[in-house]
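*Asks:* Mind having a look at this structure? Questions to follow.
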Amino acid sequence: MSRKYRVGILGATGMVGQRFIQLLADHPQFEVTAVAASDRSQGKAYGEACTWRLSGEMPSAVRSLPVQPPAPPLDCDLVFSSLPGEIARETEGSFAAAGYPVISNSSAFRMDEDVPLLIPEVNHQHLGLLERQRSKYSRGGFIVTNPNCSTIMLALALAPLHASFGVEATVATTLQALSGAGYPGVASLDILDNVLPYIGGEEEKIESETTKIFGRFAEGRIDLAPMAVSAQCHRVNVMDGHMAAVRVKFARAVTLDEVRDSLTSFRSLPQELGLYSAPATPIVVRDEPDRPQPKLDRDAGNGMTITVGRLNPDTVLDYRFVVLSHNTIRGAAGAAILNAELLIALRHLPDSL
Ligand SMILES: NC(=O)c1ccc[n+]([C@@H]2O[C@H](COP(=O)([O-])OP(=O)(O)OC[C@H]3O[C@@H](n4cnc5c(N)ncnc54)[C@H](OP(=O)(O)O)[C@@H]3O)[C@@H](O)[C@H]2O)c1
């Protein structure tokens, strides 16, 4: 049997970095062999540099790993990146140039024409873009990104609906958890007893990324989907779990039962391939009038299943629903790990380790 892929985590001490460490602790295909963070952490052992903020203990295997600068070379076969967007472009680019596959969470490369913005259940055909990166990164490195944490749940919910009925327009109003802002995130005095109707850059990301994800891949490029997407984003006083109230307009008349069946029966390539992090059911539809709720539903499918509720005809567009997902799992670290599992299954990562 092949040995595990050795992975480095860039931004390993942050909110998403800690999720990577947690989700990879018992992973059958990956082992964490390198961690990198800012100069505040560099030179210390991970166990000393990182204040563990997730439930459960920090996995013992990473405690003694030295925190290194996020620059190649690192002792690993590929890197997962959860670096802040401002520094990710140069850093991730330097790893790809040095020959490392880079599986990134950050926004830096998401909209680049030759970079897949991947949700394995939705647009695995976009991995064809990697061919275009071969000439840019001559040493075999490449970059694959996952979408913004709110975009992922919106696109995953729309995927079966778009495939079956054609989504012409969608309006999403998000209620986003505090962990989505990283640590320390929003000051407590700004969010207690409050809702913040602004998350910098978020609305633009949801609107642009969604049209790329549903874009058609042909002849080495993606034609953006002709779908009108409108987003308004709010930060709310919830620890984990982003929600969005969504309205959708379809290209043809559809019944409520058809919409519901389309969501509940949705399965895709990760489920067919049996990828380790793929939930058996990517979308759960709940019929109780007061679901989904972050506290009750964010851990569905180990945080990889999104939950849809409040599905009803809409008086302005065609249908409306509320969707919820775990923002640091399906919306970040879990999404990137699923991307890497798909890259292995489709032979985009060398399998002769
Ligand atoms: N949180 C989410 O739900 C979520 C979801 C999707 C995508 N993302 C994206 O994932 C990335 C990380 O988010 P996060 O929430 O984990 O942020 P975070 O908690 O603030 O963590 C940032 C990480 O980057 C490191 N870092 C900061 N400045 C650095 C520098 N100049 N050089 C090297 N390392 C540096 C930090 O190291 P130190 O500990 O040493 O400072 C820490 O490990 C962002 O691009 C974010 O947009 C986040």
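The values are calculated or read from the model by the stated rules, or taken from the named source; none is laboratory data. Because the structure is predicted, anything quoted here is derived from the model rather than measured. So basically every Cβ, Gly included, is an ideal-geometry build from the backbone, and we count neighbours across all protein chains shown. SASA here: full protein model, heavy atoms, side chains in, ligands and nucleic acids out. Shrake-Rupley method; radii C 1.70, N 1.55, O 1.52, S 1.80 Å.
*Asks:* Heavy-atom accessible area of Thr315 with all protein chains present, probe 1.4 Å, nearest 10 Å²?
*Replies:* 130 Å²
*Asks:* Which lysines, on any chain, are close to Lys136 with Cα under 25 Å apart, when same-chain ones fewer than 8 places away are left out?
*Replies:* By straight Cα distance, Lys136 reaches Lys212.
*Asks:* So how far apart, in nm, are the two label points at Lys4 and Leu192 if each is 7 Å from Cα heading toward Cβ?
*Replies:* Taking the two extended label points, one gets 4.1 nm.
*Asks:* Over its Cα atoms, what ratio of radius of gyration to 2.2 N^0.38 Å does the stretch 293-353 give?
*Replies:* The stretch 293-353 yields a ratio of 1.57.
*Asks:* In deg cm²/dmol, rounded to 500, what helix-only [θ] at 222 nm does the chain give when every DSSP H run of at least 4 residues adds -39500 (n - 2.57) and the total is split over its residues?
*Replies:* Result for the chain: -8000 deg cm²/dmol, rounded to the nearest 500.
*Asks:* With N denoting the number of residues in the stretch 75-123, provide Rg(C-alpha) divided by 2.2 N^0.38 Å, to two decimal places.
*Replies:* 1.13
*Asks:* Percent antiparallel among DSSP beta bridges with both residues in the chain, to the nearest 5?
*Replies:* If I count the DSSP bridges inside the chain, around 45 percent turn out antiparallel.
*Asks:* If one puts a single equal scatterer on every Cα of the stretch 89-152 and applies the Debye formula without solvent, what log₁₀ I(q)/I(0) results at q = 0.19, 0.21, 0.28 Å⁻¹?
*Replies:* -0.65, -0.78, -1.28
*Asks:* Next up: At most 11 other Cβ atoms within 10 Å plus a DSSP loop assignment makes a site exposed; report the longest stretch of the chain without any exposed GluC sites (Glu not before Pro).
*Replies:* For GluC sites (Glu not before Pro) (loop position, at most 11 other Cβ atoms within 10 Å), the longest site-free span of the chain is 220-353.
*Asks:* Which percent of Cα pairs goes in each bin when the distances of the stretch 213-266 are cut into 5 angstrom slices starting at zero?
*Replies:* 4, 11, 14, 16, 19, 19, 12, 4, 1, 0
*Asks:* Could you tell me what % of all Cα pairs in the stretch 34-74 have separations over 11 Å?
*Replies:* Roughly 61 percent, rounded to a whole number.
*Asks:* State the dimensionless ratio Rg/Rh of the stretch 67-178 (Rg: radius of gyration of Cα atoms; Rh: Kirkwood radius).
*Replies:* The Rg/Rh ratio comes out at 1.03.
*Asks:* Between Arg110, Arg221, Arg252, find the one with the highest GNM mean-square fluctuation for the chain; connect C-alpha pairs within less than 10 Å.
*Replies:* Taking springs between Cα atoms under 10 Å, the residue moving most is Arg252.
*Asks:* When the Kirkwood radius is taken over all Cα pairs of the stretch 1-132, what Stokes-Einstein diffusion coefficient follows at 37 °C and 0.692 mPa s, in µm²/s?
*Replies:* 215 µm²/s
*Asks:* Among the lysines, select those whose C-alpha is under 26 Å from the C-alpha of Lys44, and discard any that sit fewer than 8 residues away in the same chain.
*Replies:* List returned: Lys4.
*Asks:* Hey, another quick one. Please compute the Kirkwood hydrodynamic radius of the stretch 138-187 from all pairs of different C-alpha atoms, in Å with one decimal.
*Replies:* Averaging 1/r across every pair of different Cα atoms and inverting gives 14.0 Å.
*Asks:* Per residue, how large is the accessible surface of the stretch 15-130? Use a 1.4 angstrom probe and give square angstrom.
*Replies:* Per-residue accessible area for the stretch 15-130 comes out at 39 Å².
*Asks:* Considering every Cα-Cα pair within the stretch 180-223, what fraction, in whole percent, is farther apart than 13 Å?
*Replies:* Value for the stretch 180-223: 69 percent of Cα pairs lie more than 13 Å apart.
*Asks:* Using only alpha-carbon positions, what ratio does the radius of gyration of the chain give when scaled by 2.2 N^0.38 Å?
*Replies:* So the chain has a normalised radius of gyration of 0.95.
*Asks:* Given the alpha-carbon gyration tensor of the stretch 234-353, what are the semi-axes of its equivalent ellipsoid in whole angstrom, ordered largest first, with each equal to the square root of 5 times an eigenvalue?
*Replies:* So the equivalent ellipsoid measures 29, 19, 12 Å along its semi-axes.
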